[in-house]
Each structure stands twice: as C-alpha cells, then as structure tokens.
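Just so it is clear, none of the values below were taken in a lab; they were calculated from the coordinates. In this text, all values refer to a predicted model and were calculated from it rather than measured experimentally. For neighbour counting, all protein chains shown are included, and Cβ atoms are generated from backbone atoms with ideal geometry for every residue, glycine included.
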Amino acid sequence: MNLNLRNAIINNVAGNTQNQLEDTIVDAIQNGEEKMLPGLGVLFEVIWKNSSEQDKKEMLQALESGLK
C-alpha cells in the first residue's frame, strides 16, 4: 500500500478556517499522543514554506528559547 501521509494530512485540513486549524494544533499538543506528531510536522512544514525570512528567524529564536 502506497499512502502519502503528507498529502493525506494536508487534504484533511485543506479549507479549514484559522479557528479550526488552531483547534487542531491545540488538540494535538494537549493530547500529547505520539501519533499526532507527524501531522504537526506537516503543518510546520507548510508554515515554514510560506514564511518570510524574518518570520523564520523569529520561529527559530522562539524554538531556541523554548529548548533552553
């Protein structure tokens, strides 16, 4: 079986409103289930690809601060 997980995740949330996307992210984080990590990774990939260099720098600073 050839399942493209990335496309499945994107198709699952395509067309969602900002509130729905936020609910998806918050729910995945609050549940803390390992199975949600790939979905969060795909969402982060979409964010990264659609961010300016300044936005990327700010995300990296936030990530670095959060990991200290």
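For the range 19-30, the criterion of being of a type in the set (Ser, Thr, Tyr) and outside any helix (DSSP H, G or I) is satisfied by no residue at all. Taking the range 21-40 only, how many residues are within 17 Å of ALA8 (Cα to Cα) and of a type in the set (D, E, K, R)? Total meeting the criteria: 1.
Considering (1) surrounded by 10 or more Cβ atoms within 10 Å (Cβ to Cβ); (2) outside any loop (DSSP other than H, G, I, E, B); (3) over 13 Å from the mean Cα position of the chain (by Cα), the lone condition that GLU64 does not fulfil carries the number (1). Scanning the range 5-53 for residues that are of a type in the set (A, V, I, L, M) and either touching a residue at least 40 places away in the same chain (Cβ under 8 Å) or closer than 23 Å to LEU63 by Cα (or both) gives LEU21, ILE25, VAL26, ALA28, ILE29, MET36, LEU37, LEU40, VAL42, LEU43, VAL46, ILE47.
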